[in-house]
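Down below is the structure, laid out as structure tokens.
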Amino acid sequence: MNRYCITRMKGKILSFLLDENGHALEIHGDTEQGSVLGNICIGKVQRVAKNIRAAFVEIAPGQPCYLPLDDLKNPVYTRKGPSPAIQQGDELVIQVSRDAIKTKAPALTTRISLSGVYTAVDFGHPGAGVSRKLPDKERERLKALGEGMLLKVRDELGEFGCPGIVLRTNSGSVPEAAVEEELFSLTAKLKTLLTGAVHRTCFSCLYRTPPGWLNRLLSLHASETERIVVEDAGLYQQAMDFLGEYSESLKERLVHYQDDLLPMHKLYSLERELEEALAERIWMKSGAYLVVQPTEALTVIDVNTGKYEKGKEKEEAVLKINLEAARETARQMRLRNLSGIVIVDFINMGQESSRRKVLEELRECLAMDPLQAHVVDMTKLELVELTRKKTEPPLAQQLL
């Protein structure tokens, strides 16, 4: 059973997810004002760059963001110029789909979505989707339920495009009535938001996402979460109010940590966890190690034999190191919130069967990541190409 902990440290609100052995699976650092990720607002087109198939849209005066034209699906305009195509001066409803990362501005989409604990309504998701983390039999049951609910959602929102729905992992652990109630509540909220947008002024924020440390509570699985431990009294009250609105089952697991003699960051050795999460070199139990080096375009992870004692046949030894490195790579990507392109330089293997085993191990470990992460391929030089969805900045940037 996992434990989700929240505290204040070094001017940040730190939230960290611990496994049953007390090891950090995720660490996040949020500012008091939060981020714009997920916010829905009325933006103004600053300019259209057809050569890169993008528009630059301001969500506030002097705050331009990047809108790929491929994401311009069924836009809801609140002010439109004479051309049917998007043009400078147009005002439209957009949602922030990716936070600012390094030198890159926030990314936008017109595929608006709203999420709850059990469900999501998403104009960028076709049909009725079900979490892949659920057993096949449970997915089939929820798929049938979702297909029926999808028709009602489209009846309500059809004038704005063709919405889809997603039944999240927690939907498998509650009565169908609770799933339906939340989904139709999200649908009504989204309809009200889009219908009223035409009466709002430019740069109006139609929906503000809760702070990241609160919003991540929606992704916790009730069946896998032992406790939600909050140290600060103010943050505890916010979490109480938030979970009271979204999830009574998670609210029951909420605990206010109060111990002046042993602060939470000491109890869970948070300084050490942060130090390891930001270190360039990560030692593994075998004595081998990884070197993680982020660049502007991608992240490179190099696998080294280190102190590994080569008492076995070389191919067997290399396979053992690479399998451990595959597991650690998936853990580090989630822990450090590495996203975009990741290249892993495994130790060269002589047998094709060994390469297949390493790729399969990597795929299985990445499947446990709450964000979309994929193994693309292994090159002839045995460099493995991975991708992970970009939403928030990497941990190192969050802690600046």
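Cross-link partners among lysines for residue 104, C-alpha distance below 16 Å, same-chain residues fewer than 8 apart left out?
Output for residue 104: 389, 390.
Could you state the orientation-averaged shadow area of the convex hull built on the Cα atoms of the range 221-357, in nm² to one decimal?
Details: hull surface 48.9 nm².
In nm², the orientation-averaged hull projection of the range 221-357 is 12.2.
Compare 253, 227 by solvent-accessible area with a 1.4 Å probe and give them largest first, with all protein chains kept in place.
On the way: 253 65, 227 100 Å².
Ranking 253, 227 by accessible area, largest first, yields 227, 253.
How big is the range 1-157 on each of its three principal axes, counting only the C-alpha atoms and giving the largest first in Å?
59, 48, 26 Å, listed from the longest principal axis down.
What does the charge dipole of the chain about its Cα centre add up to, to the nearest 20 debye, if the Cβ of each Lys and Arg holds +1 and the Cβ of each Asp and Glu holds -1?
Details: 53 positive and 56 negative charges, 214 e Å.
Around 1040 debye, computed over the chain.
Calculate one ³J(HN,Hα) per residue across the range 295-304 by plugging θ = phi - 60° into the Karplus curve 6.51 cos²θ - 1.76 cosθ + 1.60, and present them in order as whole Hz with x for glycine and proline.
Values, residue by residue: 10, 5, 9, 7, 10, 10, 10, 10, 9, 10 Hz.
How long is the gain from residue 302 to residue 262 if the chain were fully straight, where each residue apart is worth 0.36 nm and the alpha carbon distance is subtracted? Mind dumping the intermediate values first?
Working: separation 40, 0.36 × 40 = 14.40 nm, distance 3.80 nm.
Going from the current span to full extension adds 10.6 nm.
State the extension gain, in nm to one decimal, for the chain segment bounded by residue 159 and residue 400, taking 0.36 nm per residue of separation less the distance between their alpha-carbons.
On the way: separation 241, 0.36 × 241 = 86.76 nm, distance 4.35 nm.
Gain on stretching residue 159 to residue 400: 82.4 nm.
Once you keep just the Cα pairs under 8 angstrom separated by 6 or more residues, what percentage relative contact order results for the range 13-161?
Working: 228 pairs, mean separation 24.5, N = 149.
Result for the range 13-161 is 16 percent.
What spacing in nm lies between the two simple spin-label points modelled at residue 2 and residue 353, each 7 Å away from Cα in the Cβ direction?
The answer from the label model is 3.6 nm.
Residue 50: which aspartates and glutamates have alpha carbons under 13 Å from its alpha carbon, excluding same-chain residues fewer than 8 sequence positions away?
Residue 50 reaches 70.
To the nearest whole percent, what portion of all C-alpha pairs in the range 127-211 is separated by more than 16 angstrom? Don't jump to the answer; show the numbers that get you there.
Details: 2053 of 3570 pairs.
Cα-Cα pairs in the range 127-211 separated by more than 16 Å: 58 percent.
Roughly what would the spin-label model give for residue 52 and residue 152, points 7 Å off Cα along C-beta, in nm?
4.5
What's the Cα-based Rg to Rh of the chain, Rh via Kirkwood?
On the way: Rg = 22.8 Å, Rh = 23.1 Å.
Here the Rg-to-Rh quotient is 0.99.
Looking at this model, which pairs from 133/307; 102/191; 314/357; 44/73; 73/152 are more than 27 angstrom apart at the alpha-carbon? Let's see the in-between values first.
On the way: 133/307 37 Å; 102/191 34 Å; 314/357 16 Å; 44/73 17 Å; 73/152 21 Å.
Cα-Cα > 27 Å for 133/307; 102/191; rest within.
In the range 103-244, what percentage of the DSSP-assigned beta bridges are antiparallel, given to the nearest 5? Numbers along the way, then the final one.
Numbers: 7 of 10 bridges.
Approximately 70 percent, going by the DSSP bridge assignments.
Which GluC sites (Glu not before Pro) in the range 240-335 sit in a loop by DSSP (not H, G, I, E or B) and have at most 12 other Cβ atoms within 10 Å of their own Cβ?
Numbers: sites: 245, 248, 252, 271, 273, 275, 276, 280, 296, 309, 313, 315, 316, 324, 328; in loops: 252, 280, 296, 309, 313.
Those satisfying the criteria are 252, 280, 296, 309, 313.
How much of the calculated P(r) for the range 1-90 lies past 21 Å, in percent of all Cα pairs? All intermediate terms of the calculation are to be shown ahead of the outcome.
Working: 2083 of 4005 pairs.
That tail contains 52 percent of the Cα-Cα pairs.
Find out how many positive minus negative residues lie around residue 267, taking Lys and Arg as positive, Asp and Glu as negative, among other residues whose Cβ is under 10 Å from that of residue 267. Could you put the intermediate results ahead of the total?
Working: positive: 266; negative: 231, 259.
Computed value for this residue: -1.
Roughly speaking, what is the stretch gain from residue 207 to residue 102, that is 0.36 nm per residue apart minus the C-alpha to C-alpha distance, in nm to one decimal? Please list the in-between numbers first.
On the way: separation 105, 0.36 × 105 = 37.80 nm, distance 2.51 nm.
Between residue 207 and residue 102, full extension yields 35.3 nm more.
Just want to confirm a number: the relative contact order over the chain, from Cα pairs under 8 angstrom separated by 6+ residues, in percent.
Once normalised by length, the contact order is 16 percent.
Quick check of the Kirkwood formula: for the range 345-400, what is the inverse mean of 1/r over all pairs of different Cα atoms, in Å?
Values: mean 1/r = 0.0773 Å⁻¹.
Over the range 345-400, the inverse of the mean reciprocal pair distance is 12.9 Å.
Tell me the trypsin sites (Lys or Arg not before Pro) within the range 163-220 that lie in a loop according to DSSP and have at most 11 other beta-carbon atoms within 10 Å.
Numbers: sites: 168, 189, 191, 200, 208, 216; in loops: 168, 200, 208.
For trypsin sites (Lys or Arg not before Pro) across the range 163-220 that sit outside H, G, I, E and B with at most 11 neighbouring Cβ atoms in 10 Å, the list is empty.
Can you give the net charge of the other residues whose Cβ lies under 13 Å from the Cβ of residue 379, counting K and R as +1 and D and E as -1? Present the calculation step by step, with values, prior to reporting the outcome.
Values: positive: 355, 380; negative: 345, 377, 382, 385.
Net of charged neighbours comes to -2.
Set the Förster radius R0 to 51 Å, insert the Cβ-Cβ distance between residue 79 and residue 379 as r into 1/(1 + (r/R0)^6), and round the FRET efficiency to 0.05.
Working: r = 49 Å, r/R0 = 0.95.
Efficiency computed from Cβ-Cβ geometry: 0.55.
Once phi is turned into θ = phi - 60°, what whole-Hz ³J(HN,Hα) does the Karplus curve with 6.51, -1.76 and 1.60 give for every residue of the range 100-106, x standing for Gly and Pro?
Calculated HN-Hα couplings, in order: 4, 10, 6, 8, 8, 6, x Hz.
At 10 °C and 1.306 mPa s, grab the translational diffusion coefficient of the range 196-294 from Stokes-Einstein with a Kirkwood Rh over Cα pairs, rounded to a whole number in µm² per second. All intermediate terms of the calculation are to be shown ahead of the outcome.
Details: Rh = 17.2 Å.
D, rounded to a whole number, is 92 µm²/s.
The values are calculated or read from the model by the stated rules, or taken from the named source; none is laboratory data. All values derive from a computational prediction rather than experimental measurement. Here Cβ is always computed from backbone atoms with ideal geometry, including for glycine, and neighbour counts include all displayed protein chains. Note: accessible area is taken over every heavy atom of the protein model, side chains too, but ligands, DNA and RNA are not part of it. Shrake-Rupley method; radii C 1.70, N 1.55, O 1.52, S 1.80 Å.
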